[in-house]
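Participant: Okay, here's the structure, questions in a sec.
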Amino acid sequence: KQQELLENTTTSESKSKPKQRPETTGPKSTSSNRTGDYWEHHVMMKAWEKGAEIFPNLGCDGKTDMVLKIDGSLYEIDVKTMRWNFIKGCWHSSHKVHASGVYAVHVNPETRVIRWAFEHGCSGNNKNPSNNRYQCPPGLEGFWD
């Protein structure tokens with residue numbers, strides 16, 4: 001009788017299943033520094049394609065990953081790789097930029113899409129679009145489009 005009870009509790013299916021994480025393309029290295037370098041270079045190339053001048057930080061520390069010169073203005077940029085949030089079912093970055101005057105750029109490793117960092121919430125939060133407020137230089141809201 002006790003054996004039957006154990007079998008029933010160990011084989012029961014959970015009613016709530018975590019949302020599946022999409023397949024991720026891109027670097028396969030397990031080193032977070034190498035992965036970060038990869039996505040920083042991805043952002044640099046896209047910014048260059050859009051006409052920005054790029055001044056990279058060659059070290060792996062510091063508050064900025066690069067400085068972009070766009071239309072004569074300089075912007076300090078910190079690149080953050082997004083991660084899948086299983087609970088909310090969306091991509092997000094848990095990293096926030098705390099340095100004043102530094103703009104965060106989020107990269108989705110599945111789609112390779114680059115966006116200015118959201119003030120809070122998930123990237124592309126369709127459930128509550130009012131939460132999708134970018135923190136970006138004025139006038140550059142559509143730069144990555």
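Participant: Quick check: pseudo-label points 7 Å beyond the Cα along Cα→Cβ at Ser100 and Asn85, how many nm apart are they?
Facilitator: Between Ser100 and Asn85, the simple spin-label model gives 2.8 nm.
Participant: Order Lys80, Lys50 by their accessible area, 1.4 angstrom probe, all chains in place, largest first.
Facilitator: Of Lys80, Lys50, the descending order of accessible area is Lys50, Lys80.
The values are calculated or read from the model by the stated rules, or taken from the named source; none is laboratory data. Not measured: the values here are computed from a predicted model. Counting neighbours? That spans all protein chains shown, and the Cβs are built from the backbone with ideal geometry, glycine included. What goes into the accessible areas is simple: the full protein's heavy atoms, side chains included, and nothing from ligands, DNA or RNA. Shrake-Rupley method; radii C 1.70, N 1.55, O 1.52, S 1.80 Å.
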